[in-house]
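A.B. asks: Before we start, here is the structure in question, set down as structure tokens.
What follows is calculated from the coordinates using simple rules that are stated; it is not laboratory data. Given the structure is predicted, the values throughout are model-derived calculations rather than measurements. For neighbour counting, all protein chains shown are included, and Cβ atoms are generated from backbone atoms with ideal geometry for every residue, glycine included.
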Amino acid sequence: MHASEGVKSHRDLIAGLIFVAIAAGFAFEASNYDMGRAIRMGPGFIPMTLAILLAILGIAIIVSGMKKDERVERTPVPWKGILLILAALVIFGEFGSLLGLVPVVFIGTAIVALASARNTVVSALSIALCMSALCWLVFKVGLGITLPTFGPLLTFS
């Protein structure tokens, strides 16, 4: 018997634990806001619902990892992808109100799309354009959020 045979999926266990930890953090923060009811949602309702769904997903991944046997293979850490996704999150959080909804979604989506080795610059820009249009339709037209379409850094008066 090879030393790595019969080992539970450590990747799945760690990923599931990370999902549950992130969900716990979001649930803790969402608990500071009014939940409201399903018919009249408060500002904490959607974050709490998403945190619960993320925790359920994390638990499902943990259970799946405990049932699965896999051979341990060392693969390189995808640093490029990790750094690009973190950069997109920082840009979205820090510059959302300054750039506005459409530019920040475009930039963030383009950066995240480039984190995949399968995407080209053209495909990343296409994905970003489609996501920006979709977010504008859903959040500005449909829900009427207060984040400006184009922020003060891009307003020329």
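A.B. asks: Rounded to the nearest 20 Debye, what is the dipole magnitude of the range 43-124 about its Cα centre when Lys and Arg each give +1 and Asp and Glu each give -1 at the C-beta? Mind showing how you got there, number by number?
C.D. replies: Values: 6 positive and 4 negative charges, 46 e Å.
With Lys and Arg at +1 and Asp and Glu at -1, about 220 debye.
A.B. asks: Then there is this: Given the rule -39500 (n - 2.57) for each run of at least 4 DSSP H residues, summed and divided by the residues of the chain, what is its mean residue ellipticity at 222 nm, to the nearest 500 deg cm²/dmol?
C.D. replies: Working: 5 runs with 94 residues, N = 157.
Helix-only estimate at 222 nm: -20500 deg cm²/dmol.
A.B. asks: I've got another one for you. Report the dimensions of the range 79-152 along its three principal axes from the alpha-carbon atoms, largest first, rounded to Å.
C.D. replies: For the range 79-152, the Cα extents along the three principal axes come out at 36, 22, 18 Å.
A.B. asks: About its Cα centre, what dipole magnitude does the chain give when the only charges are +1 on Lys and Arg Cβ and -1 on Asp and Glu Cβ, stated in debye to the nearest 20?
C.D. replies: Values: 11 positive and 8 negative charges, 42 e Å.
Roughly 200 debye, rounded to the nearest 20.
A.B. asks: Can you bin the range 10-67 into rounded, prolate or oblate? Criterion: square roots of the alpha carbon gyration tensor eigenvalues sorted a ≥ b ≥ c, rounded for a/c under 1.5, prolate for a/b above b/c, oblate for the rest.
C.D. replies: prolate
A.B. asks: Hey, rough spin-label estimate for Ile39 and Asn119, points 7 angstrom out along Cα→Cβ, what's it come to in nanometres?
C.D. replies: 4.2
A.B. asks: Under a point spin-label approximation (7 Å from Cα along Cα-to-Cβ), what is the Ser97-Phe28 distance to one decimal in nm?
C.D. replies: Distance between the two pseudo-spin positions: 2.5 nm.
A.B. asks: What relative contact order, as a whole-number percentage, does the range 1-149 give when Cα pairs under 8 Å and 6 or more residues apart are counted? Provide the component values of the computation, followed by the final result.
C.D. replies: On the way: 177 pairs, mean separation 32.2, N = 149.
Rounded, it is 22 percent for the range 1-149.
A.B. asks: Quick one: P(r) of the chain from all Cα-Cα pairs, 5 Å bins, percents rounded to integers, in order of increasing distance.
C.D. replies: Whole-percent P(r) values from 0 Å outward: 2, 9, 10, 12, 16, 18, 14, 9, 5, 3, 1, 1, 0, 0, 0.
A.B. asks: Same structure again: Would you kindly state how much longer the chain becomes between Leu143 and Val63 on full extension, computed as 0.36 nm times their sequence separation minus their alpha carbon distance, in nm to one decimal? Intermediate values should be presented prior to the final figure.
C.D. replies: Details: separation 80, 0.36 × 80 = 28.80 nm, distance 3.70 nm.
Extending this stretch completely gives an extra 25.1 nm.
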